[in-house]
Structures are given as structure tokens and as C-alpha cells.
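Peer 1: Quick one: structure below, then a few questions.
The values are calculated or read from the model by the stated rules, or taken from the named source; none is laboratory data. None of these values were measured; they are calculated from a predicted model. With ideal geometry, Cβ positions are generated from the backbone for all residues, glycine too; neighbour counts draw on all protein chains shown. Each accessible area value is taken on the protein alone, full model and side chains, heavy atoms only, with ligands, DNA and RNA left out. Shrake-Rupley method; radii C 1.70, N 1.55, O 1.52, S 1.80 Å.
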Amino acid sequence: METGASAPVFLPAPLSRGVPSGARRGVSATLASMLNLDRAITQFDKGLRTVLGVTQAVRPMPGSDIEEPDLSPEERRDAAALMRVNHCGEICAQALYQGQALASGNADLRRALEHAAREEEDHLAWTEQRIAELGGRTSLLNPLWYVGSLAIGFAAGKFGDAWNLGFLKETERQVELHLQGHLDRLSERDVRTRTVVAAMQRDEAGHARTAEALGAKELPQAVKAGMAAAAKVMTTASYWL
Ligand SMILES: [Fe+2]
Ligand SMILES: [Fe+2]
């Protein structure tokens, strides 16, 4: 169960009566750490399900009612590899959001991150389904990207809410551009894959708008460039591996 771990914890009046104030503080601190542990366990469980591919979409895969197109072997291989890159990106998104949510003490921000992560979970399931339909496989490097992204998300979260949101907004903006690149490259006949990618792109734009509305700061150009360079390494490696 998800709980607001950062809120002060008080013993109910009947329990606290007659307990010395030092002991009450000690019990409150213990309860607070238990709630933090509860959050950490919830995130660990989510992480395991992400890396092991045990995710289920709440929304059905967009375009699942469209007939499978007759693609050439090369078009199928390329589409499967592009969807493997997107699946890997969604693993990273889950890890980034989990890291950011773990680091943030702001309950509103955590709720926004969890809502976005829920939609990313749909993306994760959709990309996995489409990869299977195209006869491809997910990236062997997923656990590695997951751990790295979790650490980056946690570090971003420690810079405070406005920068945390700025990082989220910039991530979503770069993903939106990246997905446009896939739409430009995918075969016009592969409407099934294109519909999934276009739906993901719409969601990512929505996540960026949410971050902006919550007060995201604009990241320095050098940080944006660093993020783009890191994303390039991930997308290139996961295309092949
Ligand atoms: Fe996504
Ligand atoms: Fe997103």
C-alpha cells in the first residue's frame, strides 16, 4: 500500500497518554521509517515487475483492431528493433519516475509522477506486445538501464521539486521528439506500429505539460545536451542488443 511517508507521524491520543515526550518522538521516528520502508518496498516490487516484464496495460494497445500489415522481412526487423528501443525507453521512464518519487517529499509531485508512471506502464506493455507480434525480442540490457535510470531519477529528485519537474519535462520533450523520428522512419504501411507510437507520443506530450503546470524549471542547455547524449547511447545500444 502506498503511503505519504513524509508526513509527520503522531501516536493516537489514547496510546500517547502517559508516554514521555522523548519516547513519543522515538516511536514517531520509527513509524516514519517504517512508512519510508513501505514506499521503498512498493517501488522495489514495481521495479522487479518492470525488469521481468510482468506489466499489464490498463488501456488496450492502440491499433489492436487494425489488420497486421504485409511487411517485408527488413521492414519487420527494423520495426521490431525500433520498438525494442522504445520498450527500453519505457523501462528507463519507469525507473526515472520511481527514483524521482522516492527522492521527493512532496505528496502532490509523487502523485503526478505515479500517474505518469502508470501511463508509461501501458507503453511498456504495448511495446512488448508489438515486439512479439513483429517477431522480435526485448533488450538484453534492460536491467542495466533500469538501475542506471533509477539512480539518475533519485539524484534528480534530490535537487528539489522545481528541478525534479524540469528534468521530467525535458525527458518527456526528448522522448516526444525521438518518437517523431520513429514515425518518420517506420513504413507507411505499418499502421499497427505507427498507431502505438503516435499514442505514446501524445501521452508523453501530456506528461511534459503536467510537469510544466506543476512548476517545472527550464534546465540549463548543458544538462539537456548531456541527457540527449545519454539517451543516444541507450537508443543505439538497445537497437542492436
Ligand atoms: Fe512512455
Ligand atoms: Fe512519459
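Peer 1: Exactly one of (1) away from ligand 1 (no atom under 16 Å from the Cβ); (2) surrounded by 16 or more Cβ atoms within 10 Å (Cβ to Cβ); (3) among the β-branched types (Val, Ile, Thr) is unmet by residue 223. Its number?
Peer 2: Going through (1) away from ligand 1 (no atom under 16 Å from the Cβ); (2) surrounded by 16 or more Cβ atoms within 10 Å (Cβ to Cβ); (3) among the β-branched types (Val, Ile, Thr) one by one, residue 223 breaks only (2).
Peer 1: Of the numbered conditions (1) over 23 Å from residue 64 (Cβ atoms); (2) within 14 Å of ligand 1 (Cβ to nearest atom), residue 110 satisfies every one except a single condition; which is it?
Peer 2: (2)
Peer 1: Tally up the residues in the stretch 106-140 that are closer than 13 Å to residue 82 by Cα and small (Gly, Ala, Ser), please.
Peer 2: 4
Peer 1: Right, here's the next one. State whether the residues of the stretch 136-158 include one that is more than 17 Å from residue 224 (Cα to Cα), in a helix (DSSP H, G or I), over 15 Å from the mean Cα position of the chain (by Cα) and small (Gly, Ala, Ser).
Peer 2: No, every residue in the stretch 136-158 fails to be more than 17 Å from residue 224 (Cα to Cα), in a helix (DSSP H, G or I), over 15 Å from the mean Cα position of the chain (by Cα) and small (Gly, Ala, Ser).
Peer 1: Okay, moving on. Tell me yes or no: at least one residue of the stretch 188-196 is under 27 Å from residue 62 (Cβ atoms), among the β-branched types (Val, Ile, Thr) and touching a helix residue (DSSP H, G or I) at 6+ places or on another chain (Cβ under 8 Å).
Peer 2: Checking the stretch 188-196: at least one residue is under 27 Å from residue 62 (Cβ atoms), among the β-branched types (Val, Ile, Thr) and touching a helix residue (DSSP H, G or I) at 6+ places or on another chain (Cβ under 8 Å).
Peer 1: Please work out if residue 172 is at pLDDT 90 or above and within 16 Å of ligand 2 (Cβ to nearest atom).
Peer 2: Answer is yes for this residue.
Peer 1: Filter the stretch 70-93 down to the residues that are touching a residue at least 60 places away in the same chain (Cβ under 8 Å), among the hydrophobic types (A, V, I, L, M, F, W, C) and outside any loop (DSSP other than H, G, I, E, B), then identify the one that is nearest to ligand 2 (Cβ to nearest atom).
Peer 2: Applying the filter and picking the extreme gives 93.
Peer 1: Given the criteria out of contact with any Phe, Trp or Tyr (no Cβ under 7 Å at 6 or more places or on another chain), basic (Lys, Arg), surrounded by 21 or more Cβ atoms within 10 Å (Cβ to Cβ) and modelled with pLDDT of 90 or more, does residue 130 qualify?
Peer 2: Yes: the conditions hold for residue 130.
Peer 1: Based on what the data block shows, is residue 166 away from ligand 1 (no atom under 14 Å from the Cβ) and either open to solvent by less than 60 Å² (accessible area, probe 1.4 Å) or among the aromatic types (Phe, Trp, Tyr) (or both)? Walk me through how you get there before you give the answer.
Peer 2: Details: away from ligand 1 (no atom under 14 Å from the Cβ): yes; either open to solvent by less than 60 Å² (accessible area, probe 1.4 Å) or among the aromatic types (Phe, Trp, Tyr) (or both): yes.
Against the criterion (away from ligand 1 (no atom under 14 Å from the Cβ) and either open to solvent by less than 60 Å² (accessible area, probe 1.4 Å) or among the aromatic types (Phe, Trp, Tyr) (or both)), residue 166 qualifies.
Peer 1: Within the set of pairs 6 or more residues apart or between chains, which connect a residue that is on the phi > 0 side of the Ramachandran plot inside the stretch 174-191 to a residue that is of a type in the set (S, T, N, Q) with Cβ atoms less than 7 Å apart?
Peer 2: Listed by first residue and then by second, the contacts come to nothing, as the list is empty.
Peer 1: Sticking with this structure for a sec: With 74, 90, 119, 68 as the choices, which residue is within 21 Å of residue 184 (Cβ to Cβ), open to solvent by 20 Å² or more (accessible area, probe 1.4 Å) and either within 12 Å of ligand 1 (Cβ to nearest atom) or more than 17 Å from the chain's Cα centre (by Cα) (or both)?
Peer 2: 74
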